[in-house]
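Participant: Mind having a look at this structure? Questions to follow.
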Amino acid sequence: MRVMGLDYGSKRIGLAVSDEEGKFAFPAGVIHRSNKQEDLNAILSFVEEKAIKQIVLGLPLHMDGKEGSEAKKVITFSEELRRLTRLPVAVVDERWTSIEAERALETVGGKKKARRKSGEIDASAASIILRSWLDQAVDRK
């Protein structure tokens, strides 16, 4: 079953996709946010193109684990995705994923500002979110 991971941000939405067996997560690009309808259309196209069966969305909790305004936006977005795609949509704690993605990309080199602008960090964070969910799914079996 192919799963899509999303790192939902105010400027970009990072994309990740799993392999068919749901064992590995790969960065799959970024959507540069324009307006809600275009963002949703881009996600729906990706879902169709990759035959996605499950969506996983990072939930930006505060360090104390509480939901803030950004988490509420993600929850609202997840409900809209669920309604539009008719697919299961899971939300997972994404604290530290952007920092982990930045650190992983530091080993590759290049300028941090350029990586952020290109969306490379967002796609990498989405793959970390997806990998975390896939690992938890294996543990639940």
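Participant: Output the pairs from LYS11/LYS73; LYS11/LYS36; LYS50/LYS72; LYS23/LYS73; LYS50/LYS73; LYS36/LYS72 with a Cα-Cα distance over 23 Å in this structure; if there are none, say none. Could you put the intermediate results ahead of the total?
Facilitator: Values: LYS11/LYS73 14 Å; LYS11/LYS36 12 Å; LYS50/LYS72 28 Å; LYS23/LYS73 29 Å; LYS50/LYS73 25 Å; LYS36/LYS72 16 Å.
Pairs exceeding 23 Å: LYS50/LYS72; LYS23/LYS73; LYS50/LYS73.
Participant: Could you tell me the calculated FRET efficiency between ILE75 and GLN136, based on Cβ-Cβ distance and R0 = 22 angstrom, to the nearest 0.05?
Facilitator: Here the calculated transfer efficiency is 0.75.
Participant: Quick one: which residues, 5 or more positions from VAL56 or on another chain, have an amide H under 5 Å from its amide H? H modelled 1.01 Å from N in the peptide plane, none for Pro or chain starts.
Facilitator: When sequence neighbours closer than 5 places are left aside, the close amide H contacts are MET4, GLY5, LEU6, ALA90.
Participant: Once the piece of chain linking LYS66 and ARG2 is laid out straight, how much longer is it, given 0.36 nm per residue of separation minus the C-alpha distance between them? Walk me through the numbers before you get to the answer.
Facilitator: On the way: separation 64, 0.36 × 64 = 23.04 nm, distance 3.02 nm.
Difference between extended and current length: 20.0 nm.
Participant: Okay, next question. With a Förster radius of 35 Å, plug the Cβ-Cβ distance of GLU38 and VAL92 into 1/(1 + (r/R0)^6) and report the FRET value to the nearest 0.05. Before the final figure, lay out each step's value.
Facilitator: On the way: r = 25 Å, r/R0 = 0.72.
My answer for the efficiency is 0.90.
Participant: A further question follows. If amide hydrogens are placed 1.01 Å from N in the peptide plane, which non-local residues have theirs closer than 5 Å to the one on ARG33?
Facilitator: ARG12, ILE13
Participant: Determine the percent antiparallel among the DSSP beta bridges restricted to region 1-61, to the nearest 5. Please report the intermediate quantities before stating the final value.
Facilitator: On the way: 11 of 15 bridges.
Antiparallel bridges make up about 75 percent of those DSSP assigns within region 1-61.
Bear in mind these aren't lab numbers, they're just calculated from the coordinates by the rules spelled out. Since the model is a prediction, treat every value here as computed from it, not as a measurement. Positions of Cβ are backbone-derived with ideal geometry, glycine not excepted, and every protein chain shown enters the neighbour counts.
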